[in-house]
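Down below is the structure, laid out as structure tokens.
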């Protein structure tokens, strides 16, 4: 489908309103976007479509289609081609970047809350985004990895952390195509403002002394200090690791 050469806005609007089409907003967005591109190409070519002139420097060469994900749904745009060089509307590219970032943020948040990739795909369909596969959802969720790495490696500069809690949570994860149990080592401290702060999180295959020792050493390397009291269970490996890394703490 190609964009019309000239756009009778009043007639188009009257037609859509008269039909009470449920896709009215989508149709109007498509109409105005293609009108902007048509005017943009006319300026770039130095003349209107089909009208020769001395100032003309280029001419059109058909259209190419591109899906545009908007808040009104996915729109099939007809983008004009030119015979010499190439044309792509900068405003569409910038808008697409913003919309993609917003969509990635929504998808990542759903993923973080435990929503399955299949359910996220269905949710996107209700928003009018028709080309979001499970693999794309997984790829979008990967951008969380950078934020998680930054959080886990950030300097602990809000000390002294007078009180620290340490414990392990057992979680099920997929590994090599099967579901296995892992131990999430967690430390929470009270910072110099009297507020609780998650100091660190690490994943270990088993809750043993070596895992706790490496975890607490990493916290100390990041700046954990001033600890006077550690609250934990009586796990022998954890108690030994506390004594080895936080001397003087009760």
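Readers should treat all values here as calculations from the given coordinates under stated rules, not as data from a laboratory. Just so you know, these numbers come straight off a predicted model, no measurement behind them. In this analysis, Cβ positions are derived from the backbone assuming ideal geometry, glycine residues included, and neighbour counts consider all displayed protein chains.
Here are some notes:
- Inter-site label distance for residue 144 and residue 42 at 7 Å from Cα along Cβ, in nm: 4.9
- For the pair residue 83 and residue 32, a Förster radius of 25 Å applied to the C-beta separation gives a FRET efficiency near 0.45, rounded to the nearest 0.05.
- Label-to-label distance, nm, for residues given as residue 222 and residue 236 (7 Å Cα→Cβ offset): 2.9
- Backbone N within region 165-205 under 11 Å of label point (7 Å from residue 157 Cα along the Cβ vector): none
- For 170, 31, 245, order by how many other beta-carbon atoms lie within 10 Å, fewest first: 170, 31, 245
- Exposure proxy ranking, count of Cβ atoms within 10 Å, fewest first, for 164, 198: 198, 164
- Extending 7 Å from the Cα toward the beta-carbon at both residue 203 and residue 165 defines two label points whose distance is 2.3 nm.
- Taking other C-beta atoms within 10 angstrom as a stand-in for reagent exposure, 38, 206, 86 fall in the order 86, 206, 38, fewest first.
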